[in-house]
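One structure is given here, and the rest of the page talks about it.
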Amino acid sequence: MNLLEKKDAVRTAKVFRAARKQKGFSQLELSKKLSITQGTLSKIELGKLSVSSSIWYEFCNLTDLQPEWAWGLGVVDRPEMKNKITSDQVGSFSLPEKYRLNRGTPARSIRALLGYFAAVYGEKKLNDYMERIGVDPDYFLVLSNQININFSLDTFEVLAADGRLKPENLKMIANAYSNPTFHGALAGRFHTTGPEVHENLITDLIRNAGHYDMNFNYVIESVQNGVVTISIAPSEHLKAFNYKRGELGAALCSYKQEILKSFVTLGSGSSGVSPLAIEERECHYKGAPRCLFHVRILN
Ligand SMILES: [Zn+2]
């Protein structure tokens, strides 16, 4: 394989693993359906073998993927597949019980956290961590897959114990949101040109918030004189969790603000300077029923 073929093979390997497990197929089952040996499928899934177009099309047919679209992404992204909080279905992915119930965090947003983890500690440490907690990293290659809030909280705790949950760290994690690629199939929903671009971006994001977080309800309360008022209230199912966890809750509130600041630089080449000033008027982690932000757009 030349370099380009190698890149293609690594990308398709991810899609193969993700879509196969999503369908609940074992390697043996899928290889039979594709009329190839399990050894061949194994090589494909390790990125060691290029996929012929006939196998690719048959594979997409078997796993309900759109062939052209799935090829380029290296992930499985089907935004219509959300709202599955209570589902027990996890295909043939390994996902421990403690992360299964009341799932409300889509892989789409978990990837920001894991990307940061890998950037700081390396891919190997990330894989070791996932193995230790029994979570298949491929689960997050299907962007609509969900995991419950304990997963983010536990991972944030690991970072906090290592002094990596300071404001600058939260800003780095949230930085993923400024990258159009991060948003996959949703990227086209965001208005990155035209007048009032930042105001539109904020409202676009809140409108699509369910694709990123179903643990909280995000509402635009008003838009007035360049100030967007946003409320973020816990969903009913959060009562099943000790989700505030003392200091950690305050950090998560800051993280949401950093996400907003980062997201509105989408498409601007990420100058690193956010055009937003956020003032929090009420905070759920300080006893209020919700967090309430006044988001001012700076000119
Ligand atoms: Zn708050």
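What follows is calculated from the coordinates using simple rules that are stated; it is not laboratory data. Being a predicted model, the structure only gives us computed values, none of them experimental. Every residue, glycine among them, receives a Cβ derived from its backbone with ideal geometry; neighbour counts consider all protein chains shown.
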Structure-based [θ]222 nm, the chain - -39500 (n - 2.57) summed over DSSP H runs of at least 4, per residue, nearest 500: -13500 deg cm²/dmol
Length gained when the stretch SER50-SER92 is fully extended (0.36 nm per residue, less Cα-Cα span): 12.7 nm
Protection proxy ranking of 176-185, 52-61 - average other beta-carbon atoms within 10 Å, highest first: 176-185, 52-61
Global form of the chain, assessed from the alpha-carbon gyration tensor, a/c cut-off 1.5: prolate
Cα-based shape type of region 45-176, given that a ≥ b ≥ c are square roots of the gyration tensor eigenvalues and the cut on a/c is 1.5: prolate
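Set the bar at 26 Å for Cα to Cα. Now go through LYS6/LYS125; LYS239/LYS261; LYS6/LYS261; LYS98/LYS244 and name every pair that lies beyond it. Let's see the in-between values first.
Details: LYS6/LYS125 24 Å; LYS239/LYS261 28 Å; LYS6/LYS261 36 Å; LYS98/LYS244 17 Å.
Violating the 26 Å Cα-Cα cut-off are LYS239/LYS261; LYS6/LYS261.
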Length released on extending from LEU28 to LYS286, taking residue separation times 0.36 nm less the Cα-Cα span: 87.6 nm
Projected label distance in nm at GLU68 and LYS125, using a 7 Å step from Cα toward the beta-carbon: 4.3
Long-range HN-HN contacts of SER94 with modeled amide H, under 5 Å: ASP136
Assigned charges on the beta-carbon of Lys, Arg, Asp, Glu; the chain dipole about Cα centre (debye): 460
Total charge dipole magnitude, region 84-192, about the Cα centre, Cβ charges on Lys, Arg, Asp, Glu only, Debye to nearest 20: 340
Exposure proxy ranking, count of Cβ atoms within 10 Å, fewest first, for LYS23, LYS98: LYS98, LYS23
The chain: angle of helix 107-121 to the longest principal axis, Cα-based, in degrees nearest 10: 90
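Is the shape of region 3-73 best called rounded, prolate or oblate, per the rule: a/c under 1.5 gives rounded, else a/b larger than b/c gives prolate, else oblate, with a ≥ b ≥ c the square roots of the Cα gyration tensor eigenvalues? Mind dumping the intermediate values first?
Working: a/c = 1.59, a/b = 1.19, b/c = 1.33.
It is oblate, given that a/c is not under 1.5 and a/b is not larger than b/c.
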Interchain or long-range residues, amide H under 5 Å from ASN217's placed H: ALA233, SER235
Packing-based ranking, highest mean first, of 284-292, 214-222, 192-200 given that Cβ atoms within 10 Å are counted: 214-222, 284-292, 192-200
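Sort ASP128, ASP77 by Cβ crowding within 10 Å, fewest neighbours at the top. Walk me through the numbers before you get to the answer.
Values: ASP128 12, ASP77 23.
By the 10 Å Cβ count, ascending: ASP128, ASP77.
Multiplying the sequence separation of LEU298 and LYS7 by 0.36 nm and subtracting their Cα-Cα distance, what value in nm do you get?
Values: separation 291, 0.36 × 291 = 104.76 nm, distance 4.12 nm.
Residue separation times 0.36 nm, minus the Cα-Cα distance, leaves 100.6 nm.
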Sequence of VAL228, VAL90 once ranked by neighbouring C-beta atoms within 10 Å, starting from the fewest: VAL90, VAL228
